[in-house]
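Enquirer: My questions all concern the structure below.
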Amino acid sequence: MIDIRALRTGRLWLRPVGYRDLPELVRLKGDPRVFAIMLGGVRTPEQAARELAEDIAFWGRHGVGMWSVRLAEDERFLGLVGLHGRPDGRGVALRFALDAAAQGRGYASEAAGAALRFAHERAGLERVIAVARASNIGSRQVLGGIGMTLCESYLRDGEEVLVYESVVRPR
């Protein structure tokens, strides 16, 4: 059975996260090169498992969620991309994290762009935000490159954080 929530781009498969992804998610979320700058920081295996359960439940409640990002040619796990509610109540946010070895190849832009299109075109979300530290140039380039615009900034733990948005008004 084909999952209608799965997405295909030129080089990638995006599939809703599931328990089959747990070993790869534990590795990704436990890697300080990837998750040290994420909200909440590096995760323990138990935290990664709890977050996966929350991500699966979010799909069920909202019809959007997190995808595992895999290389189309060999199904190799590259990371995560998707949509989830912000804990600070700012709205549904685009999130992404790629394995350190997969960074710098345009995969994040390709995956994030597909997730953003899904949010607007298939899930009907008018507004999607994304949050990045001002010092995270790579994430900021991805967000600007997929058409998100800077709309706000604030300080968190002494660090400037930027909020980007993508707004599509219904016709």
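Laboratory data are not the source of any read-out in this text; all were calculated from the coordinates shown. No experiment lies behind these values; they were computed from the predicted model shown. Backbone-built Cβ (ideal geometry, glycine too); neighbour counts: all protein chains shown.
Enquirer: Ignoring everything except DSSP H segments at least 4 long, calculate the 222 nm mean residue ellipticity for the chain; use -39,500 (n - 2.57) per segment, divide by total residues, nearest 500.
Expert: Mean residue ellipticity at 222 nm (helix-derived): -8500 deg cm²/dmol.
Enquirer: Oh, and also: Give the separation of the Cα centroids, the range 16-51 to the range 95-115, in Å.
Expert: Each part reduced to its Cα centre gives a spacing of 16 Å.
Enquirer: Read phi for every residue in the range 9-18 and hand back ³J(HN,Hα) as whole Hz from Karplus 6.51 cos²θ - 1.76 cosθ + 1.60, θ = phi - 60°, with x for Gly and Pro.
Expert: Computed from phi, the couplings for the range 9-18 are 10, x, 10, 10, 10, 10, 10, x, 4, x Hz.
Enquirer: Separate question: What's the ranking of 98-108, 65-75 by average number of surrounding C-beta atoms within 10 Å, highest first?
Expert: Highest mean packing first, the order is 65-75, 98-108.
Enquirer: Projected onto the charge dipole of the range 18-169 (+1 at Lys/Arg Cβ, -1 at Asp/Glu Cβ, origin at the Cα centre), which of A97, L116, V42 gives the Cα projection farthest towards the positive end?
Expert: Highest projection toward the positive end goes to L116.
Enquirer: Another question, then. What does the charge dipole of the range 7-124 about its Cα centre add up to, to the nearest 20 debye, if the Cβ of each Lys and Arg holds +1 and the Cβ of each Asp and Glu holds -1?
Expert: 200 debye
Enquirer: Still on this structure, please answer the following. Scan around W67 for amide H atoms under 5 Å from its own, H built in the peptide plane at 1.01 Å from N, and keep only partners 5 or more places away or cross-chain.
Expert: Excluding prolines and chain starts, which carry no amide H, the hits are V17, V81, G82, L83.
Enquirer: Work out the P(r) tail for the range 1-141: percent of alpha carbon pairs separated by more than 20 Å, whole number.
Expert: That tail contains 43 percent of the Cα-Cα pairs.
Enquirer: Between D31 and R169, what is the label-to-label distance in nm when each label sits 7 Å out along the Cα-to-Cβ direction?
Expert: The answer from the label model is 4.2 nm.
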